[in-house]
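Below is one structure; the comments refer to it alone.
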Amino acid sequence: MESLDKHFSADDKELLKDAFIGNEADTDEYGEAWPQKGLDYLAGMGPEAWNGGESESIMAAILEWVTAWNAEGRGRYAGADASRTLLGFIFEDAWEQGRLPYYDDLGEIRSYLTDLKSD
């Protein structure tokens with residue numbers, strides 16, 4: 001697949017990215033599904049993310065997240081704030097693959113974006 005850049009504006013991308021990060025890090029989604037969901041996201045990242053010069057930054061974000069998760073007691077919301085940088089990389093990787101973490105279809109993405117803009 002190709003990047004979503006040709007289908008959406010930079011402002012749309014930022015709105016979608018902020019919504020994704022907020023949903024994952026600021027809601028019960030984190031407490032209910034992480035750390036496993038974060039590891040699943042990482043496993044699904046394409047080789048371009050790792051080979052495109054970002055691997056060191058991604059590894060630093062993983063270290064930040066795991067360190068915070070451990071330091072904060074490995075509980076339900078441990079590491080949530082520290083996951084934000086990592087979530088940004090996860091979003092960017094999905095975007096470059098022509099999808100979002102929650103949606104693979106352009107129509108679904110447009111509908112979700114319309115909902116975000118109406119809130």
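The values are calculated or read from the model by the stated rules, or taken from the named source; none is laboratory data. Everything numeric in this text was worked out from a predicted model, so none of it was measured. Using ideal geometry, Cβ is built from the backbone for each residue, glycine included, and neighbour counts are taken over all protein chains shown.
Taking the stretch 1-108 as the region of interest, the helices (runs of 4 or more DSSP H) fully inside it that hold 2 or more residues being over 28 Å from Asp119 (Cα atoms) and modelled with pLDDT of 95 or more are 55-71. Checked against the criterion of being under 11 Å from the mean Cα position of the chain (by Cα) and in contact (Cβ under 8 Å) with a residue 60 or more places away in the chain, the stretch 44-59 has no qualifying residue. The residues in the stretch 89-110 that are more than 14 Å from the chain's Cα centre (by Cα), crowded, with 16+ Cβ neighbours inside 10 Å and among the basic types (Lys, Arg) can be counted, and the count is 0. Of all residues in the stretch 31-73, those satisfying the criterion of being surrounded by 11 or more Cβ atoms within 10 Å (Cβ to Cβ), among the acidic types (Asp, Glu) and farther than 16 Å from Trp95 by Cα are Asp40, Glu64, Glu72.
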